[in-house]
Amino acid sequence: QCLTAKGNEVTRVSLVDAQGQCLLNELVKPETTVVNYRTRFSGITKKMLLPVKTRLPDIQTRLKKMLPHDAVLVGHSLNADLQALEMIHPSVIDTSLLFARNEGRRFKLKFLAKAVLGKEIQCEQKLGHDPAEDARAALELAQFFIEQGPAKVAELNLEMLLTTEKLAEVSQNKAAFQPQECRVQKQLNEPPHLSKPCFLDCLQVTGQKPLLLGRQDLDFSGLRQSNLSTSNKQILQRALEDVPLSTFSIIQFSLGPEYIASHLLAGLCEKVRSKLTDMLTIYAGPFEESFCLKSVKKEFGRCGPIQSLTVVTETYQPYVCIQYEVLEAAQLAVESLNGAEVAGSCIKVQRPVTAAVLDCDVLIKELELDVENEGVIYVAGLKKSLTEMDLQEEFSQLKDLETLFLPKDRQSGKHRNCCFLKFQKSQSAVDALEVIKGWTVKGSKLRSRHALASGHLWRWIWQMNHSNGNQGGNVLYDKTEQLSDSEQDLRKKVKKLDHHIKKLYRSLQNNTLCVVLFPGVN
């Protein structure tokens, strides 16, 4: 409908059948001058109506022919549509009344389509509402109600969903109207808040006060402040007394933030370092008894910077254990030197067989597809005498090259024998790998592959080592370190919590829905 000198007049009519097939979708010329086309909602413009000759009486005649006397007309707020059409129909279903609210209020069609049908209609990207789309949505809502019944509609708790949606909008509007400098300052000082409302807020809005028991260091704004406790034992005692009196309760036991910070984070860091160490390590061999170690180091050094190289003599024939500084170097060695002839022997190159590297191939694929590594390739075999300017000149012929990064040793300041090249397009990086294959720069043959580990990962590893007193900046994990005391401490604490939860669970009435959550770092 558009606003005219006469009032609201029909400018477009859509009709669909019981299967949702469009039977009629036509523009209508209003009788009087249009005052406001309401294009944002109607999708109608002055240009669209200029060639139209169909008038309201024409549409009325067509609708009377198309609609049998016993047809059921379905729509949302159908009274407004029939009033605009200046028609009466004996059998109608108005979905705004089927999904009724309290005090005669009505849900909007857009909300019902999303909440009941899981469909997005009347999207902001589109210019105006699509009447055929609205008609189908109303039809499906009526069919849902008829098939599922009012009990199912009641289970959807539409009022609660609408409240949640409104809270989200208010939260977004607050963020939108906040001055830029305040927002920046806030982001610097505290973690960002979720735009979606808290579940507890939704309960409060609907008049349901939840019982929440937890430690004093938790934020229970707006809830019963008297329920704060200082220990897990106190929380359990209060829960046993108060939970039977409350319809909805949240009981939070805690290991304590000091435990999480000092033990769980340390454990996580060690797991990551341990896995990386295994992935950075390769074994090569077997070699002849009198093999030249220098030749082996030179060949494997062409794949990237080596952290350590040791000869394994416990085997029937000697093997070499090599730990690289970057993941790409280890992977390049496995890919290019496995089955090759090195120091007079045809060798096998493999990673150590540990639980951490059983899924190594899968992880490598995932890292290659990581968005951080998109358009980035790794190049090894560079002579250390080459400067960054030399490399810039050498690689300048590569298409869409954006950045060249030359890693340096943190202690000596000298650059490594490898570099990373970032391209503007992913395909350009793929093309560059083909071009570089077989390239020789100042007598040094280059090897290359897709990048695997983004820069921030190595910075994080170095910082973790640095903070633990490893001043050398070694990115490798020392497997001699043990956390047996921490693990025992964790077992004791969890056993106590387990006892509390068991006692509380056994005290609950039959048919109580009980959900136990274990938030953690994994």
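Quick note: the coordinates plus some simple rules give every number you see, no bench work behind them. Just so it is clear, the model here is predicted, and its values are computed rather than measured.
Annotation: amide H of Lys348 within the under-5 Å range of Gly285, Gly339, sequence separation 5 or more or interchain, hydrogens built in the peptide plane.
Within a straight-line Cα-Cα reach of under 16 Å, Lys53 can be paired with the following lysines, leaving aside sequence neighbours fewer than 8 residues apart in one chain: Lys29.
Applying the Karplus relation 6.51 cos²θ - 1.76 cosθ + 1.60 with θ = phi - 60° to the stretch 338-346 yields 3J(HN,Hα) values of 5, x, 7, 9, 10, 6, x, 10, 7 Hz, where x marks Gly and Pro. Along the stretch 58-64 the Karplus relation, 6.51 cos²θ - 1.76 cosθ + 1.60 evaluated at θ = phi - 60°, assigns HN-Hα couplings of 5, 5, 4, 5, 5, 5, 5 Hz to successive residues, with x for each Gly and Pro. Counting only residues at least eight positions apart within a chain, or on another chain, the lysines with an alpha carbon under 26 Å from that of Lys502 are Lys209, Lys233, Lys492, Lys493. Annotation: lysines with alpha-carbon distance below 17 angstrom to Lys365 (same-chain offsets under eight excluded): Lys275.
Under Stokes-Einstein, with the Kirkwood radius over Cα pairs as Rh, the value for the stretch 305-437 at 37 °C and 0.692 mPa s is 194 µm²/s. Couplings 3J(HN,Hα) for the stretch 445-452, derived from phi with the Karplus relation 6.51 cos²θ - 1.76 cosθ + 1.60 (θ = phi - 60°), are 7, 8, 10, 8, 6, 5, 5, 10 Hz, where x marks Gly and Pro.
Spread over its residues, the convex hull of the C-alpha atoms of the stretch 1-54 is 87 Å³ per residue. Taking amide H as placed 1.01 Å from N in the peptide plane, Arg449 has its amide H under 5 Å from the amide H of Tyr378, each at least 5 places away in sequence or on another chain. Stretching the chain fully between Ser254 and Lys209 yields a gain of 13.9 nm (0.36 nm per residue, less the alpha carbon separation).
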